[in-house]
Amino acid sequence: MSYGELLSEARKDVDAAIEVWRQLIHERLGDRIDYAFLKGSGIKTWESPVDYVPMISDIDIHMSTKDRMPLFPETRGGFLYSLETTRLYEERFMEMRPDHLHIPRPQVVVIEEARGEWLPERPEEVKLLFGEVPLKLEEPVEHFRARDLDELAGLGPLLTRLPERVIDRIDLEYYRVLRMLCWVVSPTPVRVLSQFTDPKHVWTLNRTNVLRLLERNGFQGIAEPYREYYLTEWKAFTEGFRGNETMRQLITHAYNVLYASYDAVREKVEQR
């Protein structure tokens, strides 16, 4: 298949997965949550293969529980109920998409009061799954930039630790390294751009347009490994994440994105 055909099939998979999760949330969690919504790459427009990669990109589901209770009872029964929910997700998805490309990976985040910055300012920023999502007050761009810079400051210690994190990994262990890095790599160039452009605008962009903005602002050193990172992820997906040389290339691209991004803001980090 071409990338266009692969993305078309992946989109059908994601749409089916979203519908299944909508059902499951209403049926199995509706008495415990106030609202649930989607955000992230799963609901953005996909223009090129960098915008979504099966098994690496996720369906980003945010929920708020009633009275800040746990999402599931903290009991053996709660554990089994949670695990049973994953079985139901798989079964219903397979019924809807028997010829699927992949089973989209959900990422469930329970919003706490202290993480109110995850709430949208406008309804169109998210896709509603359950209830009514409260909107946060409009946040000054300086707050966006400061929060992004705090996250970028953490790249220094992470880069220092990575050599010891990879020395004893091989084969399926490389996937563990990738999962450790993928949630950091994806937003990092966006956080760099937020220091130099409108942060509210840049966070609405898909990765195709993030790449364009990186190049337009002279960050080719970040854009090149960022693009190669996602293209190599597609290759790794087609190999079932079992091609060791591909996985080493992929982890190298991830490191290069983080290194170049930290280097681009090092002066700002040191002046914090």
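The numbers here are math on the coordinates, done by the rules we state, and not lab data. In this text, all values refer to a predicted model and were calculated from it rather than measured experimentally. Note that we place each Cβ from the backbone using ideal geometry, even for glycine, and neighbour counts take in every protein chain shown.
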Round to a whole angstrom and tell me the spacing of the C-alpha centers of the range 39-113 and the range 163-182. 23 Å
Rank Cys182, Leu137, Leu155 by how far each Cα sits towards the positive end of the charge dipole of the range 125-186 (+1 on Lys, Arg Cβ; -1 on Asp, Glu Cβ) and give me just the farthest. Cys182
Please report, in debye to the nearest 20, how large the charge dipole of the range 55-113 is about its Cα centre when each Lys and Arg carries +1 at its beta carbon and each Asp and Glu carries -1 there. 120 debye
Roughly how many debye, to the nearest 20, is the charge dipole of the chain about its Cα centre, given +1 on each Lys and Arg Cβ, -1 on each Asp and Glu Cβ, and no other charges? 280 debye
Across bins of 10 angstrom width beginning at 0, how are the C-alpha pair distances of the range 71-110 distributed, in whole percent? 26, 44, 24, 6
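Please work out the FRET efficiency for the pair Glu267 and Val141, using the Cβ-Cβ distance as r and a Förster radius of 22 Å; give the result to the nearest 0.05.
With a Förster radius of 22 Å, E is 0.65.
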In the set (i) 72, 46, 41; (ii) 61, 48, 35; (iii) 49, 45, 36, which value of Cα extents along the principal axes in Å was calculated from the structure you see? (iii)
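Helix-only mean residue ellipticity at 222 nm, the chain, DSSP H runs n ≥ 4 weighted -39,500 (n - 2.57), per residue, nearest 500. What is it?
Helix contribution divided over all residues of the chain: -18000 deg cm²/dmol.
Report the percentage of all Cα-Cα pairs in the range 78-170 whose separation exceeds 18 Å, rounded to a whole percent.
Working: 3054 of 4278 pairs.
For the range 78-170, the share of Cα pairs beyond 18 Å comes to 71 percent.
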The range 151-166 - phi-based ³J(HN,Hα) in whole Hz, Karplus 6.51/-1.76/1.60, Gly and Pro as x: 5, 5, 4, x, 5, x, x, 5, 4, 5, 7, 4, x, 6, 6, 10
Dipole axis of the range 153-267 (+1 Lys, Arg; -1 Asp, Glu on Cβ), positive-most option in Thr204, Ala260, Phe237: Thr204
Long-range HN-HN contacts of Val133 with modeled amide H, under 5 Å: none
Given all pairs of different Cα atoms, what value in angstroms does the Kirkwood hydrodynamic radius of the range 1-143 take? 16.4 Å
Going residue by residue through the range 84-93, the Karplus relation 6.51 cos²θ - 1.76 cosθ + 1.60 with θ = phi - 60° gives ³J(HN,Hα) values, rounded to whole Hz and with x marking Gly or Pro, of 4, 4, 5, 5, 5, 4, 4, 4, 5, 4
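What is the count of Lys pairs in the range 26-184 whose alpha carbons sit under 17 Å apart, if the two are 8 or more places apart or on different chains? Walk me through the numbers on the way to the answer.
Details: Lys39/Lys127; Lys39/Lys136; Lys44/Lys127; Lys127/Lys136.
Number of lysine pairs found: 4.
How high is the FRET efficiency between Glu245 and Asp168 when r is their beta carbon distance and R₀ equals 22 Å, given to the nearest 0.05?
Efficiency for this residue pair is about 0.75.
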Read phi for every residue in the range 195-201 and hand back ³J(HN,Hα) as whole Hz from Karplus 6.51 cos²θ - 1.76 cosθ + 1.60, θ = phi - 60°, with x for Gly and Pro. 6, 10, 9, 5, x, 5, 5
Check Val109: other-chain or 5+ apart residues with amide H under 5 Å from its amide H, H built from backbone geometry? Ile61, His62, Met63
Which of the listed residues, Ile43, Thr86, Pro73, is farthest toward the dipole's positive end in the range 1-113, when Lys, Arg count +1 and Asp, Glu count -1 at the beta-carbon? Pro73
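Cβ neighbours within 10 Å, averaged per peptide: list 132-143, 22-33, 248-259 in order, most packed at the top.
Values: 132-143: 12.1, 22-33: 15.4, 248-259: 20.5.
Ranking, from highest mean packing down: 248-259, 22-33, 132-143.
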What nm value, rounded to one decimal, do you get for the distance between Glu215 and Glu74 when each label is placed 7 Å out toward the C-beta? 5.1 nm
What is the set of long-range amide H partners of Tyr35 at a cut-off below 5 Å, with H atoms built 1.01 Å from backbone N? Ser64
Just to confirm my numbers, what's the Cα centroid distance between the range 1-26 and the range 239-272 in Å? 28 Å
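Using 0.36 nm times the number of residues separating Arg32 and Leu88, minus their current alpha carbon distance, what extension gain do you get? Could the numbers behind the result be given before it?
Working: separation 56, 0.36 × 56 = 20.16 nm, distance 1.84 nm.
That pair, Arg32 and Leu88, stretches by 18.3 nm at full extension.
Under a Cβ-only charge scheme (Lys and Arg +1, Asp and Glu -1), can you give me the dipole magnitude of the range 1-148 about the Cα centre, in debye to the nearest 20? Provide the component values of the computation, followed by the final result.
Working: 20 positive and 30 negative charges, 61 e Å.
Around 300 debye, computed over the range 1-148.
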If you bin the C-alpha pair distances of the range 27-80 every 10 Å from 0, what whole percents do you get? 20, 35, 27, 15, 2
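Over all directions, what mean area does the Cα convex hull of the range 154-233 project, stated in square nanometres? Can you show the working numbers first?
Numbers: hull surface 23.3 nm².
Approximately 5.8 nm², given one-decimal rounding.
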